[in-house]
Amino acid sequence: PSSAQPRPEAGAAVKAADRAHVFHSWSAQELIDPPAVAGAEGSYFWDYDGRRFLDFSSGLVFTNIGYQHPKVVAAVQEQAGKLATFAPAFAVEARSEAARLIAERTPGDLDKIFFTNGGADAVEHAIRMARLHTGRPKVLSAYRSYHGGTQQAVNVTGDPRRWASDNGSAGVVHFWAPFLYRSRFYAETEEQECERALEHLETTIAFEGPSTVAAIILETIPGTAGIMVPPPGYLAGVRELCDKYGIVFVLDEVMAGFGRTGEWFAADLFNVVPDLMTFAKGVNSGYVPLGGVAISQRIAETFGKRAYPGGLTYSGHPLACAAAVATINVMAEEGVVENAARLGADVVGPALRELAERHPSVGEVRGVGMFWALELVKNRETREPLVPYNAAGEANAPMAAFGAAAKARGLWPFINMNRTHVVPPCNASEAELKEGLAALDAALSVADEHTE
Ligand code: PLP
């Protein structure tokens, strides 16, 4: 109902103050025009002009149970009334309960939870833990990855657009993870891609010197870089290499975790257990900043009698943890993970494949659960991306036209380079998904105009 009440003057005031004083991330300040959000509920948000959008981006892929879930809002309010904050060196009910619920769901023996304020600092700490545990300096990470915007996290991120002044952190080495559609290994099948990617990784380890490698960090399914579901066997193969060379295996589940793939964690899709696993975003649907590292028994023991040198003032903040407890309980009670698995397999996947058949701009469809990407191309034969690789990250005409067409139809898409990701809330209904897919269909016709 609140969406039906346009309040353009209020919206203009919000925008004016934003323009004057908010410095926005990853943006050229004078070239952006951030929309003003008046409110949000479930899978939708709306602006001050009364325009409502179906959010197929889940914010930045974090509102896994949608906006303003009444149980999570109530839990945060209740916690604020009871104990709004407390320092990390105390046992606090919301924190210990959140840790228990998370540890119950993480794979294998990842039973100790180190809380952070978000995903990037979780990655920072996973790297620190791996280096201290092994006494080795190097971290291997994949090109075409995103691990966060802080010092170590941005340097392990495999995307030069993100490095900026942090480029070249000592001890970070990048390798190619499998991606058959744009294979670096001249592979023609998933099996070849998998085998050659593992061979390439082992060669990289050998030439770096196995005794210098502390960790291999991978997104279980790379998200921001394009939702490249790894071939069966790849992650198990990396696990074997880590065991063979005494390397800590870190899986980054900041985006893929907490129901996104139709499992609690994407690692469950592949039956792999890392030594450290980072999470954030979906852990509490992003209602209050929270992230963390789930730690294996073996690595936790390293810091049994020896202090772990690291921590944050707001580690395991009670409001954030109360939101996590409520979110995890909502996910369990309402079958959110099962919803993502079922509607991903029965509705979203088949619909996207059908769109790919009709729209020449769609080069490939990839994904699982509520975690999908459409790779848009100029030409399906050559696979030339619809827009060139743009190191400056500037807006580009074809994707901008595609985005505008989606928004004109009430769909808020997630666009990155030449891709649109389909990442709705994991509890989206079948009707909402069909509504968004119909808008996507229309918007793809605009992308088609840019094909040759
Ligand atoms: N790791 C992955 C896989 C992510 O997708 C992200 C954010 O998108 C991060 C880390 C960084 O998380 P945050 O932005 O909460 O610091």
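The values are calculated or read from the model by the stated rules, or taken from the named source; none is laboratory data. Quick caveat, the model's predicted, so the values are computed rather than measured. Positions of Cβ are generated from backbone atoms using ideal geometry, with glycine treated the same way; all protein chains shown enter the neighbour counts.
Brief remarks on what is shown
- Screening Arg239, Arg196 for residues that are under 23 Å from the mean Cα position of the chain (by Cα) and either surrounded by fewer than 18 Cβ atoms within 10 Å (Cβ to Cβ) or not assigned by TED's automatic domain parsing to the domain that holds Glu364 (or both) leaves exactly one candidate, Arg239.
- Qualifying residue in the range 307-319 (condition: free of Cβ contacts under 8 Å to residues at least 12 places away in the same chain, part of a loop (DSSP other than H, G, I, E, B) and closer than 30 Å to Ala84 by Cβ): yes
- If you go through the range 341-355 and keep only what is out of contact with any helix residue (DSSP H, G or I) (no Cβ under 9 Å at 6 or more places or on another chain) and among the aliphatic types (A, V, I, L, M), you end up with Ala341, Ala345.
- Cβ pairs under 8 Å, 6+ apart, first in the range 48-63 and more than 26 Å from Ala16 (Cα to Cα), second within 16 Å of the ligand (Cβ to nearest atom) and of a type in the set (S, T, N, Q): Phe62/Ser285; Thr63/Ser285
- The residue that is nearest to the ligand (Cβ to nearest atom), counting only those in the range 46-68 that are farther than 24 Å from Gly11 by Cα and assigned to a loop (DSSP other than H, G, I, E, B), is Phe62.
- Out of Glu41, Glu78, Glu97, sole residue that is away from the ligand (no atom under 16 Å from the Cβ) and either free of Cβ contacts under 8 Å to residues at least 60 places away in the same chain or of a type in the set (Ser, Thr, Tyr) (or both): Glu41
Rundown of residues vs (1) closer than 23 Å to Trp26 by Cβ; (2) in the same structural domain as Gly237 (by TED's automatic domain parsing); (3) in contact with a Leu (Cβ under 8 Å, 6 or more places away or on another chain), yes/no style:
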site: Tyr146; (1), (2), (3): yes, yes, no
site: Asn155; (1), (2), (3): yes, yes, no
site: Asp159; (1), (2), (3): yes, yes, no
site: Arg162; (1), (2), (3): yes, yes, no
site: Gly171; (1), (2), (3): no, yes, no
site: Arg184; (1), (2), (3): no, yes, no
site: Ala187; (1), (2), (3): no, yes, yes
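- Any pair with Cβ under 9 angstrom, 6 or more apart, that starts in the range 119-134 at a residue that is under 19 Å from Tyr314 (Cβ atoms) and ends at one that is near the ligand (Cβ under 9 Å from one of its atoms) and assigned to a helix (DSSP H, G or I): Gly119/Ala153; Gly119/Lys281; Ala120/Ala153; Asp121/Ala153; Ala122/Ala153; Val123/Ala153; Glu124/Ala153
- Qualifying residue in the range 3-24 (condition: surrounded by 15 or more Cβ atoms within 10 Å (Cβ to Cβ), within 29 Å of Val336 (Cβ to Cβ) and at pLDDT 95 or above): no
- Residue list for the range 31-43, restricted to those being more than 21 Å from Ile328 (Cα to Cα) and not in a loop (DSSP other than H, G, I, E, B): Leu31, Val37, Ala38, Gly39
- Among the residues making up the range 6-30, a single one is assigned to a helix (DSSP H, G or I) and in contact (Cβ under 8 Å) with a residue 40 or more places away in the chain: Pro8.
- 1 or more residues without any contact (Cβ under 8 Å) to a residue 60 or more places away in the chain and either within 12 Å of the ligand (Cβ to nearest atom) or among the polar types (S, T, N, Q) (or both): qualifying strands (runs of 3 or more DSSP E) within the range 194-303: 248-252
- Selected residue (only one of Phe175, Phe179 is of a type outside the set (A, V, I, L, M) and either in contact with a Pro (Cβ under 6 Å, 6 or more places away or on another chain) or surrounded by fewer than 23 Cβ atoms within 10 Å (Cβ to Cβ) (or both)): Phe175
- Strands (runs of 3 or more DSSP E) (entirely within the range 84-190) containing at least 3 residues that are more than 19 Å from Glu219 (Cβ to Cβ): 110-116
- Any hit, the range 133-143, residues being within 15 Å of the chain's Cα centre (by Cα), more than 13 Å from the ligand (Cβ to nearest atom) and closer than 27 Å to Gly369 by Cα: no
- No other residue among Leu374, Leu386 is of a type in the set (A, V, I, L, M), in contact with a helix residue (DSSP H, G or I) (Cβ under 8 Å, 6 or more places away or on another chain) and modelled with pLDDT under 95 apart from Leu386.
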